[in-house]
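Report on the structure given below.
Rule-based calculations on the coordinates, nothing more; no lab input. Note that this is a predicted model, so its numbers are computed, not measured. In this analysis, Cβ positions are derived from the backbone assuming ideal geometry, glycine residues included, and neighbour counts consider all displayed protein chains.
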Amino acid sequence: MTALTQAAPDTVSDDSQPLLEVEGLTLSYDTRQGRVEVVHDVSFRVGRGEVVALVGESGSGKTSTAQAVIDLLADNGRRDSGRVVLAGSELTGLSDRAMRQVRGRRIGLVPQDPNNSLNPVKTIGDSLAEVLKIHGWGSKPAIAQRVLDLLEKVGIDRPELRVTQYPHELSGGMKQRVLIASAIALDPELIIADEPTSALDVTVQRRILDLIDALRAETGASVLLVTHDLGVAKERADRIVVMRGGQIVEQGPTAHVVEHAENPYTRTLLHEAAAVAWATPAPPPADLAERDVAIEVTDLVQDFDQGRGREPFRAVDHVSLAVAKGSTHAIVGESGSGKTSTVRAILGFQRPTSGVVRVAGHEVTSLRPRQLRDLRRSAQLVLQNPYSSLDPRQAVGDIVAEPLVNFRLGNRAERSRQVAAYLDKVALPATIAQRLPRELSGGQRQRVAIARALIIHPEVVVLDEPVSALDVTVQAQILRLLDDLQRDLGLTYLFISHDLGVVGQISDTVSVMQSGRVVEHGTTHEVFSDPQTDYTRELLAAIPGR
């Protein structure tokens, strides 16, 4: 194979040759414990016009592998051995200047988090124009027109308006479309999509993946799709490469891997992905209608002042629901549907415009601040992201004990015993109490957050997207844990999610929200088996792997 010159020219080769070849790639990182090897002798290929999915859990090495392809490893990362070849030309060993010509022009990158990947002080138009200017694409008027054309191509409405807006003025799905526009601006041969939909609602996820498929078909580009979701890989990839512990454990055509997986880890991923993607909900408990009500919301309205003489924005529009003791009720909907505003009113974090909320015997809407503190004894919250909901400076034991300290329950020795007991309840060893959150995996952190919520014996636990930031196998573990804890402790759950696959596994009853209203409700079994609205049917159809 010929070496790519330092100018990194475009290279044309015959269609029988793979577009991307990764051979014997080994990567390591400098850490406080010394140099740690994280990717071990990885080899795979991406054909022309092909979608190849790199699949694995957090820590499997898939993102580091993708970063190494475009020489964007973190400062403490190093390629110890191996080659990366694009269209017959060697990329490994190129100068920084030469690689900058490859990035964008020949390889486009769609990063994971649309909320943190766009410059907040630059307009959308300026951000998109930047990649064109860096590569000397054309004149200023030509670049301005190209930006508008790109926004239109990725399906963003009113591109003339959007180029003047800042990232915070766009939805998550629109921001991800902008990142895709940036990735395809120079018609690259290869698009690397690193978890491009993990932060998005399930229906927005489907639209983004449809867009990438359409662009690939239009331009003939190849796609390296990095994902932890085997359901997405099954639907979208021609071939799958499964990674675990920095190694490839299985690879091959998608249909073969799905139907004839040889590695036990691959079979586990397939099993868990299928369970989360589509578990037919069981009928609710026979005595559900006879149980006392733990949460009751009646005609809830939440308006927000928009200032400047404008009409208030109605985030929650006459919502009513009831949750039986010891059951799980799910509130489902996309971003902006009103889920979070409803939950904040239920927990007393904000006073609603009108309506009545009762939780565990407390009429929340009439409580004073001191009484709201008593509500926290009865109703606890588990947040979405275990990476940001735990104080990074506190040891795990102190985090779990914090509610006991706040309510002045027990002495130090008693609190230590309680911490050990509740770590055991969430299947964590007592020794983990001495560790810091950064030393734990995502699943372990979420177990810590659950232990913290349960340690003061609440009647009600509100779970706000508690598994959306976790890998599919860890999701399944946490859902099983929540089910076990509910049966052991008689807990009532209010489960907030945009993912009906998850909801189908855990909830007895469900309310589907759209634009602040409940558009459908009933037992989960009924709603899943016979949805009554187009919106619910769309949510169900969008579940990856269904």
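Here the calculated FRET efficiency for residue 439 and residue 17, from their Cβ-Cβ distance with R0 = 45 Å, stands at 0.50, rounded to the nearest 0.05. Helix 202-219 axis versus longest C-alpha principal axis of the chain: approximately 10°, rounded to the nearest ten. Ranked by the mean number of other Cβ atoms within 10 Å of their residues, highest first, the peptides 46-58, 437-449 fall in the order 46-58, 437-449.
Helix 124-134 and the longest principal axis of the Cα set of the chain meet at an angle near 30°.
Rounded to the nearest 20 debye, the dipole size of segment 318-436 about its Cα centre is 340 debye, using +1 on the Cβ of Lys and Arg and -1 on the Cβ of Asp and Glu.
Just the number, please: percent antiparallel of the DSSP beta bridges in segment 157-275, rounded to the nearest 5.
On the way: 6 of 11 bridges.
Among the beta bridges of segment 157-275, antiparallel pairing accounts for roughly 55 percent.
Using the Cβ of residue 264 as centre and a radius below 15 Å, the other residues enclosed give a net charge of -2, where K and R count +1 and D and E count -1. Only the Cβ atoms of Lys and Arg (+1) and of Asp and Glu (-1) were treated as charged; on that basis the dipole of segment 290-541 about its Cα centre amounts to roughly 1260 debye.
Report the gain in length on full extension from residue 406 to residue 292: 0.36 nm times residue separation, minus Cα-Cα distance, nm rounded to one decimal.
Numbers: separation 114, 0.36 × 114 = 41.04 nm, distance 2.96 nm.
Additional length available on full extension: 38.1 nm.
Relative to the longest principal axis of the Cα atoms of the chain, the long axis of helix 172-184 lies at roughly 10 degrees.
Multiplying the residue separation of residue 41 and residue 350 by 0.36 nm and removing their Cα-Cα distance gives an extension gain of 105.9 nm. DSSP beta bridges confined to segment 290-541 are antiparallel in about 55 percent of cases.
Tell me the mean residue ellipticity at 222 nm calculated for the chain from its helices only (DSSP H runs of n ≥ 4, each -39500 (n - 2.57), averaged over every residue, nearest 500). Intermediate results must be reported in sequence, preceding the final value.
Numbers: 19 runs with 197 residues, N = 546.
Value at 222 nm, helices only: -10500 deg cm²/dmol.
Rounded, prolate or oblate: which fits segment 412-503, taking a ≥ b ≥ c as square roots of the Cα gyration tensor eigenvalues, rounded meaning a/c under 1.5, else prolate when a/b beats b/c? Note, shape of segment 412-503 comes out oblate.
Bridges between two residues of the chain, per DSSP, are antiparallel at a rate of about 55%.
Projecting the Cα atoms of 385, 322, 514 onto the dipole axis of segment 290-541, where Lys and Arg carry +1 and Asp and Glu carry -1 at the beta carbon, places 385 farthest toward the positive end. Hey, could you get me the Stokes-Einstein D for the chain, Kirkwood radius over alpha-carbon pairs, 37 °C and 0.692 mPa s, rounded to whole µm² s⁻¹? It diffuses with D of about 129 µm²/s by this estimate. Of the residues 217, 261, 174, the one whose Cα sits farthest toward the positive end of the charge dipole of segment 154-288, with +1 on the Cβ of Lys and Arg and -1 on the Cβ of Asp and Glu, is 174.
Assign unit charges at the C-beta atoms only (+1 for Lys and Arg, -1 for Asp and Glu), then state the dipole size of the chain relative to its Cα centre in Debye, rounded to the nearest 20.
Working: 60 positive and 70 negative charges, 364 e Å.
It works out to roughly 1740 debye.
Take peptides 19-26, 152-159 and line them up by average Cβ neighbours within 10 Å, highest first, as a rough protection proxy. Could you put the intermediate results ahead of the total?
Details: 19-26: 20.0, 152-159: 16.2.
Those peptides, ordered most packed to least, come out 19-26, 152-159.
A dipole drawn for segment 290-541 from +1 and -1 charges on Cβ atoms has a positive end, and of 372, 527, 356 the residue lying farthest that way is 372.
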